[in-house]
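I have placed the structure first, in the form of structure tokens, so that the comments after it can refer back to it.
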Amino acid sequence: MPVTDFPSVVQIKDPIHGYVSLSAVEKDIIDQRVSQRLRYIREPAGLSLVYPGADIALMGRTLGFMHMTEIFFEHLDGGLEEVQNGRIAALLLMLATGPWANVMREYLEVRGTSRKKLVSILVSKTSVGDQLQKNGISKKEAIALVDRGIPLKNLYIDLTTCSINPELIDDISRDAYFAGVEYAQLDFRRLFAATKVAKNRLAVERTSLFTLEAYFAAAANMFDAIYFHKTVRAAELMLLRVLDVAGSQILPMPSENPDSFFLCDDLTFLHDLLHVEPESSEEMKEASRIFEEFNRRYLIKMVSARAISDPVFLDKLSTADGLYSIESEIAEDADIDPRNVYVDFPDRPSVTFYPGRYNFDEIALFERGSTGYEFWRVSDMSLMARSFSRILKPVRIYTTRGYRTKVKKSADRILESVDTSGSD
């Protein structure tokens, strides 16, 4: 049942959801400088280089995530407190973002600062925590809403891992709309209406399996068309390389100087990287060169790709040292500098969604029989859900212009050496 008495103090027009309401505490937080900088941060960071209309700022995504969370919790029969807590958690997760959004998320996670840890720093060390306390929400309580999840009917709903995910649903709807693609055909209200908390778990009515599969299909299609698009990823790999080369000189780590970190946006980076002084370090000059090429859309090019199922190789890819060693191996074989080789794979923090990111078997299918609830595993009932857990990852190799032929030969040879040969 919808919460009809949500304490709205202002409404903001959103192109996807219509009017989105804000409560007093949400308005107080959004009025802060740390929130207003979201107007100047784009996510995914490389999307507009492929789809010019999809130049999407995090401010709109924040409102959409909060609105989707409200509707989701209402359909789960959450009361006013649960709805407000869910919206606060969504807002904090969006504020826990740096310039280049998804790219920065990977840079920080590799260095030990997860999204949840960033929320803790945000609430503890910035004006956001003060605004929460002013409105009767303690800093400890706010951090727990993100860290543990929002309590609802003996269940804690973690918005970062929840399989029916309000953030992802807003993302695929918003990105499809602004990119002009037709892949996100999803009736989210129908999906939410079929979702219940049953026996302390999220469950979807078995008769609504096709609606659930439409959600799976929309997310998978957007992965192919948007989030793992080869040119979108080429741009984002270049931004990741900028941070790897000179990240510590461009901005402080949030744990060291949270005030400075949470004042930075994409425009800050644009100015700093395009105005590097002659006396700057070699790292800053290299970062500036890469960013200038990104800014001119003079992007790296994909030269090799192969679907890999070897678990040892994929485990190696998943660590920063392992990824660098593979890039170095390809570069050494091609007799070029490792800085000219980029390896990409889908299940990394800078990719908004990839099949396998959420454990869809955490969702149960249910029916109410004569003796109570009956449950089924989603993967037992849906071939589509089962395919999301397969161990088969598309690995791509990129290089800078001038080295394509050499890198392609080396990359093809190395990728083929770790993959099972096909047969007729």
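Residues in segment 15-63 that are charged (D, E, K, R) and either farther than 25 Å from R241 by Cβ or not in a loop (DSSP other than H, G, I, E, B) (or both): E26, K27, D28, D31, R33, R37, R39, R42, R61.
Here's the yes/no breakdown for (1) closer than 17 Å to Y398 by Cα; (2) crowded, with 19+ Cβ neighbours inside 10 Å; (3) small (G, A, S):
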| position | (1), (2), (3) |
| --- | --- |
| D321 | no, no, no |
| A334 | yes, yes, yes |
| V343 | yes, yes, no |
| P346 | yes, no, no |
| D361 | no, no, no |
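Just one of the listed residues (S255, S280) is small (G, A, S), over 19 Å from T113 (Cβ atoms) and assigned to a loop (DSSP other than H, G, I, E, B), namely S280. Cβ separations smaller than 8 Å between residues 6+ apart or across chains give the following pairs from segment 152-180 residues that are within 26 Å of V50 (Cα to Cα) to residues that are of a type in the set (D, E) and surrounded by fewer than 20 Cβ atoms within 10 Å (Cβ to Cβ): A176/E182; F178/D55. Does V407 qualify as being modelled with pLDDT of 95 or more and under 21 Å from the mean Cα position of the chain (by Cα)? No.
The set of residues in segment 385-402 that are surrounded by fewer than 19 Cβ atoms within 10 Å (Cβ to Cβ) and more than 14 Å from M238 (Cβ to Cβ) comprises R386, S387, S389, R390, I391, L392, P394, G402.
Confirm whether Y358 is under 16 Å from A234 (Cα atoms) and not acidic (D, E). In short, no. Scanning segment 130-148 for residues that are under 19 Å from M94 (Cα atoms) and either of a type in the set (D, E) or touching a residue at least 40 places away in the same chain (Cβ under 8 Å) (or both) yields D130, Q131, L132, I137, E141, A142, L145, V146, D147. Taking segment 183-211 as the range and being in a loop (DSSP other than H, G, I, E, B) and either among the acidic types (D, E) or in contact with a Cys (Cβ under 8 Å, 6 or more places away or on another chain) (or both) as the test, only D187 passes. Only one entry in A218, A235, A214 is over 24 Å from R348 (Cβ atoms) and either assigned to a helix (DSSP H, G or I) or in contact with a Leu (Cβ under 6 Å, 6 or more places away or on another chain) (or both), namely A214.
Considered as a group, the residues in segment 91-137 that are farther than 15 Å from T160 by Cβ, part of a helix (DSSP H, G or I) and of a type in the set (V, I, T) include one that is nearest to the chain's Cα centre (by Cα), and that residue is V103.
Scanning segment 242-279 for residues that are farther than 21 Å from N102 by Cα and crowded, with 16+ Cβ neighbours inside 10 Å returns a single hit, V276. Going through segment 26-55 one residue at a time, which ones are surrounded by 21 or more Cβ atoms within 10 Å (Cβ to Cβ) and of a type in the set (D, E)? Selection gives E26, E43.
Among the listed residues F360, F353, F366, which satisfies the condition of being of a type outside the set (K, R), more than 21 Å from the chain's Cα centre (by Cα) and under 29 Å from T207 (Cα atoms)?
F366
D130 fulfils the conditions (1) touching a helix residue (DSSP H, G or I) at 6+ places or on another chain (Cβ under 7 Å); (2) surrounded by fewer than 20 Cβ atoms within 10 Å (Cβ to Cβ) except for a single criterion, (1). Within segment 139-154, is there a residue that is part of a loop (DSSP other than H, G, I, E, B), crowded, with 19+ Cβ neighbours inside 10 Å and at pLDDT 95 or above? Yes: segment 139-154 contains one or more residues that are part of a loop (DSSP other than H, G, I, E, B), crowded, with 19+ Cβ neighbours inside 10 Å and at pLDDT 95 or above.
For segment 75-90, filtering for residues that are of a type outside the set (K, R), more than 16 Å from the chain's Cα centre (by Cα) and within 19 Å of I12 (Cβ to Cβ) leaves 4.
The values are calculated or read from the model by the stated rules, or taken from the named source; none is laboratory data. Bear in mind that the values here come from a model prediction, so they are computed numbers and not experimental data. Neighbour counts are summed over all protein chains in view; Cβ atoms, including those assigned to glycine, are modelled from backbone coordinates with ideal geometry.
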